[in-house]
Amino acid sequence: MAAPLDVARANAASIPVIAAPGARALPSRRGDLARVISIGAALALVLVAGAILVPVAQEADFMAKNLPPSIGHPFGTDWMGRDMLCRTIAGLSISASLGLGAALAAAGVSLVLGCVAALGGPKADAMVSGAIDVVMGLPHIVLLILVSFAFGKGFTGVVGAIALTEWPRLARVVRAEMLQCRESDYVMAARKLGQGPVKVATHHLVPYVLPQFAVGLVLLFPHAILHEASLTFLGFGLPPEVPAIGSILSESMGYLVGGEWWLVLWPGLSLVLCVLGFDMLGRSLARLLIRGDGL
Amino acid sequence: MVRFILKNLLKACLLVVVVSFVVFCLVDLSPVDPVQANVGQAAYLTMSEAKRAQLEAYWGAGEPLPVRYGRWLAGLLQGDLGMSLRYNEPVTQVIAERAAPSLALLSIAWAGSGILGFVLGVGAGMAERRWPDRIIRGWCFVMTSIPSFWLALILLMVFAVALGWFPIGFAASIGVASADVTWADAIHHLALPAICLTLAGVAPVCLHTREKVVEFEAGDVAGFAKLRGEGPWQRFWRHGLRNVALPALTLQCASIGEIFGGAVLVEEVFSYPGLGQAAVTAGLGSDVCLLAGIAVVTALLVFGGNFAADLLYGVIDPRMREARAAKRAARGGVLGWLVNRPEDYDEPLPDAGEVERGGSA
């Protein structure tokens, strides 16, 4: 399958372009830069605002229970009279920062294991690919449940579970890039000039994979946030007092039958927007940092 | 072919051992005390020492890891997966009871998302860069960002609570004995979770198919067909369909794990009594044997998906068949097969299983 398609692709590339695609189809660098900055700023704003709002989000006002959305409470209030807008922003901030932490941890794991696989010889390579097979061989959610249970649930459970299950894809990218770079002329030259393996790795290989790695890291964020929300929704994550989006939604599930739609709609919608934001950020960053097609 | 199947059987056995060992190690690492987790804080503090010791023995709290794992593995050889402590039933029975509703849900969602995703992907690819493509692609990107449990909650809110078209949860009406559940009732309860899971699984196969269709349209085959005067749908039907369907099928086979992941969350929302719900109960209640059993069953499910993809590839793709026949001829039939066995014969078919494993949960 691979060979004929590659041939087809190569032929397609050698056909002279008769009808050039419209200018709109070509991504513009300036647009990507603007997108990266604006989305990044918006997400940072949500993170900071949410961290400030956490105590406000826990204030109960039993005079204003179960109010539908209005001017005073744009997202309505819940069964304890807590303002859903504050809760949503605080929850988003907790979910996103947990997701960010978990994604960073996962990226660290994948960088180390990718390096080990690429540079540690065939035995290390086989061991890493065996670990990848085990991680990929179980449904992701089952592994998430298992690892978060092993860490004793809670905050470390969520971060640990995501860090230990999310790495294979990025580790594969790191490994492939490093193997490619290892064969390049300048690495050969550095070796011939007597640089040791550690120096070659830190001076030539790691900087070479850095752009790919950065993009992979940002593209891990949406996955990490979604998985964090799933875990907290199932009850493996944070205690109920901490308003992460997953726990807000799992609490709201009990009030669904009463027709209180605002308890479910707004927190979930804001989570979707947050995930979409990180996704777009990653894609724009990929086009900026990686030459060629990017993504 | 026989060697290929045998090798995969061996791999499956190895997988079961490794997965179950990992499960037992992870559970052993856990600081959660099964007795405290299951009787609750208040009851634990007021409990007598003798009662506590009895419960600890019941949950197997004091036993070292090798003893527990060795006993479980010995039981496995006799087809015994141990007792589920939460359900107070053998694990095999818990899994067997829940497998039917879960498999119904999974297979509908698997086939539904595959077909819908393929059709939408072909539509988008044929209309590359025009409005249908933009709409379908945008929809797919949004769908990959939507957590499946939120989608389930929204569907539940709209179609079950507000419109009342579907029941709110469970696999059958409440108060009906399991023997009296009619097919219509079961399907009525299954419909909303299945629709939700189908919608949640469309995006990866749709985007993948779109890429392949675009690739096909830019390739030699389509170009030559264009020169012969074939219209877009005619050339797709004659030359594109089979080229594009194969990778889509592979991807869909490889994404069974993702669909199961979605099913865990969706079952939780709809209180649907399937394997996913049992997995959550087992995880929250420190039920080691049930966790190990479910992990092994789901790992085999994922393995089976990939294996089926490899097999189907060989059966469906004529190029693969010809390559095999050529290889066999070059080796000189059965005798040659006995005398020289090049290692590459055992390799799974190229590309199959190599495609990226779909999107997120």
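Based on the inverse mean of 1/r over its pairs of different Cα atoms, what is the Kirkwood hydrodynamic radius of the range B:97-316, in Å?
19.1 Å
Name the residue from B:141, B:17, A:57 whose Cα lies farthest towards the positive end of the charge dipole of the protein assembly as shown, charges +1 on Cβ of Lys and Arg and -1 on Cβ of Asp and Glu.
Value: B:141.
Which part of the range B:106-120 falls in the paramagnetic zone of residue B:237, meaning amide N under 18 Å from the point 7 Å along Cα-to-beta-carbon?
B:119-120
If N is the number of residues in the protein assembly as shown, what value comes out of its Cα radius of gyration divided by 2.2 N^0.38 Å?
1.03
Using r as the Cβ-Cβ distance of residue A:257 and residue B:119, and R0 as 35 Å, what FRET efficiency do you calculate, to the nearest 0.05?
Result of the calculation: an efficiency of 0.50.
Under a crude label model (7 Å from the Cα following the beta-carbon direction), how far is residue A:290 from residue B:245 in nanometres?
Result: 3.2 nm between the two label points.
Which whole-angstrom value gives the distance between the alpha carbon centres of the range A:122-177 and the range B:268-320?
What the calculation gives is 17 Å, centre to centre.
Applying 1/(1 + (r/R0)^6) with R0 = 35 Å to the Cβ-Cβ distance of residue B:78 and residue B:33, what FRET efficiency is obtained, to the nearest 0.05?
0.70
Considering only B:207, B:271, B:187, whose Cα is most displaced toward the positive end of the charge dipole of the range B:180-299, charges sitting on Cβ of Lys, Arg (+1) and Asp, Glu (-1)?
Farthest along the dipole direction, towards plus: B:207.
Report the gain in length on full extension from residue B:161 to residue B:99: 0.36 nm times residue separation, minus Cα-Cα distance, nm rounded to one decimal.
Gain in length upon complete extension: 19.5 nm.
Positive end of the dipole of the protein assembly as shown, charges at C-beta (+1 Lys, Arg; -1 Asp, Glu), about the Cα centre: which of A:194, B:70, B:120 has its Cα farthest in that direction?
A:194
Buried accessible area between B and A (1.4 Å probe, both chains summed, ligands and nucleic acids excluded), in Å² to the nearest 100?
4700 Å²
Hey, rough spin-label estimate for residue B:228 and residue B:47, points 7 angstrom out along Cα→Cβ, what's it come to in nanometres?
Between residue B:228 and residue B:47, the simple spin-label model gives 7.5 nm.
Relative contact order for chain A using alpha-carbon pairs under 8 Å, separation at least 6, rounded to a whole percent?
Result for chain A is 22 percent.
Quick check of the Kirkwood formula: for chain A, what is the inverse mean of 1/r over all pairs of different Cα atoms, in Å?
Every distinct Cα pair counted, the radius reaches 21.8 Å.
Express the carbon and sulfur contribution to the solvent-accessible surface of the range A:102-177 as a percent, rounded to the nearest whole number, probe 1.4 angstrom.
Percent of accessible area from carbon and sulfur atoms in the range A:102-177: 74.
Pairs of lysines 8 or more apart, or on different chains, with alpha carbons under 29 Å: count those in the protein assembly as shown, would you?
9
For the protein assembly as shown, give the magnitude of the charge dipole about the Cα centre (Cβ charges: +1 Lys/Arg, -1 Asp/Glu; no others), in debye to the nearest 20.
It works out to roughly 2140 debye.
Would you list the membrane-span-like helices of chain A, meaning whole DSSP H runs whose alpha-carbon atoms span at least 30 Å along their axis and whose mean Kyte-Doolittle value is at least 0.0?
Long hydrophobic helices here: A:29-57, A:84-119, A:206-234, A:262-289.
Ignoring ligands, DNA and RNA, what accessible area per residue does the protein assembly as shown give at 1.4 Å, in Å²?
47 Å²
If I model a spin label at residue A:66 and residue B:135 as a point 7 Å from the Cα along the Cα→Cβ vector, what separation in nanometres do I get?
Roughly 4.0 nm, to one decimal.
The values are calculated or read from the model by the stated rules, or taken from the named source; none is laboratory data. Just so it is clear, the structure is predicted and the values come from calculations on it, not from any experiment. Every residue, glycine among them, receives a Cβ derived from its backbone with ideal geometry; neighbour counts consider all protein chains shown. Calculation scope for accessible area: heavy atoms of the full protein, side chains included, ligands and nucleic acids excluded. Shrake-Rupley method; radii C 1.70, N 1.55, O 1.52, S 1.80 Å.
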